Amino acid sequence: MDLRQMEYLVALADERQFTRAAELMGISQSGLSAAIRSLEDELGTALFIRTTRRVEPTEAGFALLPYARMMLEQAAGARDAVVKASRAVSGSLSIGAEQCLGLIEVSPLLDRFHRRHPQVETMFTQCGSHDLIGMVRAGELDVAFVATDRRLSGLPHREIGREPLVVVTPPDHHLAARASVPWAALDDQDFVDFGAAWGVRTLNESAFAARGLRRRVRCTVNDVHTLLDLVCRGLGIAVVPRHVAAKPQASALRVLPLADDDVPQWTVSVVSTAWDQADSPAAHLLELLEEGQVPDTVPAAA
């Protein structure tokens, strides 16, 4: 058993599906499946029950899970202790993120950074992606985690991952009985959506305009859980990133894939002007992302 196998085990146990776990781990679905199968062969027992809809840990899988988490925590703690002892970093760090990015958990990242570099004063801002990009350009933020691939020209950034949009409806909505929804079926419907600064709002507006469709945004919110609550109460339907529809608050809603082949992709990136500032606090935060195998930087345009 190695640490990488433990990371895969924990991701699959948390997500309960190979597709989502593979995306989080930055590995192909077949690669994740092969790694889990190799671990099961090594231990001589099945760790997961696989069905067409979900993946559930077996009794043996549940027994191994706390030890896997402990191994990962101890390994992270050991690396942090070495860095803390060998490189004292001070100064300030301003970070921003849109709420509920899904493809990266910012709070655990900040916690890890603080344990590794306790002398750095950290300030965190949460708002819409387009506002965050403006704050990076103005020098008000060192690092921003955003949910858009627009307005990034001239800013160094790295794509963390992407996922498709899905439709969420109340269970009694006339679209709820469908297996999937074509874009045309969304024409002239009532919607709940996020504010203009959120990346998904821009993505939705562009998708509807490109298809010549109309929609009525009856409620505009700046909170994921409020959006799900309003949809549940029948104030409208919503088009959201897939991970939002998987939240516990969406358990009463009907989640429908978009039937067309050309489904817009919701993209999460990290944006910073500090990639080449080797000793800055921001560079050390980005170093933690390197450990999580974030893809190559997209350089700023000349």
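Bear in mind these aren't lab numbers, they're just calculated from the coordinates by the rules spelled out. As the structure is a computational prediction, the values presented were derived from the model and not from experiment. A quick note on method: Cβ atoms are made from the backbone with ideal geometry, for glycine too, and the neighbour counts reach across all protein chains shown.
When a footprinting reagent is the concern and you count Cβ atoms within 10 Å, what order do THR122, THR19, THR273 take, fewest first?
Details: THR122 16, THR19 13, THR273 19.
Lowest count first: THR19, THR122, THR273.
Find, among the trypsin sites (Lys or Arg not before Pro) in region 196-231, those assigned to loop by DSSP (not H, G, I, E, B) with at most 16 other beta-carbon atoms within 10 angstrom.
Working: sites: ARG201, ARG211, ARG214, ARG215, ARG216, ARG218; in loops: ARG211, ARG214.
Taking region 196-231 and a limit of 16 other Cβ atoms within 10 Å, the loop trypsin sites (Lys or Arg not before Pro) found are ARG211, ARG214.
Per residue, what volume in Å³ does the Cα convex hull of the chain take up? Let's see the in-between values first.
Numbers: hull volume 43.6 nm³, N = 302.
It is 144 Å³ per residue.
Give me THR58, THR52, THR267 ranked fewest to most by other Cβ atoms within 10 Å of their Cβ, as a rough exposure proxy. If you can, show how the numbers build up before the last one.
On the way: THR58 14, THR52 4, THR267 21.
Going from sparsest to densest Cβ surroundings: THR52, THR58, THR267.
What spacing in nm lies between the two simple spin-label points modelled at SER30 and ASP14, each 7 Å away from Cα in the Cβ direction?
The modelled label-to-label distance comes out at 2.7 nm.
Could you work out the Kirkwood radius for region 119-171, taking every pair of different alpha carbons, averaging 1/r and inverting it, reported in Å?
On the way: mean 1/r = 0.0751 Å⁻¹.
Kirkwood hydrodynamic radius for region 119-171: 13.3 Å.
In nm, give the distance between the simple-model label positions of VAL82 and ILE49, each being 7 Å from the Cα along the Cα-to-Cβ direction.
4.1
For the chain, with only Lys/Arg (+1) and Asp/Glu (-1) charged at the beta-carbon, what is the dipole magnitude about the Cα centre, in debye rounded to 20?
Values: 30 positive and 39 negative charges, 123 e Å.
Its charge dipole is roughly 580 debye.
Taking just the C-alpha trace of region 106-215, give me its Rg and Dmax in Å.
18.4, 56
Which residues in region 25-41 place their backbone N less than 19 Å from a point set 7 Å from the Cα of ALA75 along the Cα-to-Cβ direction?
25-29, 31-41
Relative to the Cα centre, what is the charge dipole magnitude of region 3-84, using +1 at the beta carbon of each Lys and Arg, -1 at the beta carbon of each Asp and Glu, and rounding to the nearest 20 debye? Mind showing how you got there, number by number?
Values: 10 positive and 11 negative charges, 39 e Å.
That gives region 3-84 a dipole magnitude of about 180 debye.
Quick one: putting +1 on the C-beta of Lys and Arg, -1 on the C-beta of Asp and Glu, what dipole do you get for region 93-182 around its Cα centre, in Debye to the nearest 20?
Details: 9 positive and 11 negative charges, 45 e Å.
My answer is approximately 220 debye.
Helix hunt in the chain: which complete DSSP H runs extend at least 20 Å axially by C-alpha with mean Kyte-Doolittle at least -1.0?
Working: long enough: 29-43 (21 Å, -0.12); 59-86 (42 Å, 0.34).
Helices passing the filter in the chain: 29-43, 59-86.
Going by a ≥ b ≥ c, the root eigenvalues of the Cα gyration tensor, does region 1-152 fall in the rounded group (a/c under 1.5), the prolate group (a/b larger than b/c) or the oblate group?
Details: a/c = 3.16, a/b = 1.60, b/c = 1.97.
Here region 1-152 falls in the oblate category.
Could you calculate the contour length gain from GLN5 to THR122, that is, 0.36 nm times the residue separation minus the distance between their Cα atoms, to one decimal place in nm? Can you show the working numbers first?
Working: separation 117, 0.36 × 117 = 42.12 nm, distance 3.24 nm.
Between GLN5 and THR122, full extension yields 38.9 nm more.
For the chain, what's the relative contact order in percent, using C-alpha pairs closer than 8 Å and at least 6 residues apart? Please report the intermediate quantities before stating the final value.
Working: 512 pairs, mean separation 63.6, N = 302.
Taking the mean separation of contacting Cα pairs over the length of the chain, I get 21 percent.
Let me understand region 162-266 better: what is its radius of gyration from the alpha carbons, and its Dmax, in angstrom?
12.2, 33
Would you mind calculating the gained length between PHE62 and ALA177 on full extension (0.36 nm times residue separation, minus the Cα-Cα distance), in nm to one decimal? Can you show the working numbers first?
Values: separation 115, 0.36 × 115 = 41.40 nm, distance 3.50 nm.
The PHE62-ALA177 span can extend by a further 37.9 nm.
Name the trypsin sites (Lys or Arg not before Pro) in region 90-129 that are in a loop by DSSP and that have at most 10 other C-beta atoms within 10 Å, would you? Walk me through the intermediate numbers first.
Working: sites: ARG112, ARG115, ARG116; in loops: none.
Answer in residue order: no site qualifies.
Rounded to the nearest 500 deg cm²/dmol, what is the calculated helix-only ellipticity per residue at 222 nm for the chain, with -39500 (n - 2.57) per DSSP H run of length n ≥ 4?
On the way: 10 runs with 120 residues, N = 302.
Using -39500 (n - 2.57) per qualifying helix, the result is -12500 deg cm²/dmol.
What is the Å³ per residue value for the convex hull set by the Cα atoms of region 3-84?
On the way: hull volume 7.5 nm³, N = 82.
Once divided by residue count, the hull of region 3-84 is 92 Å³.
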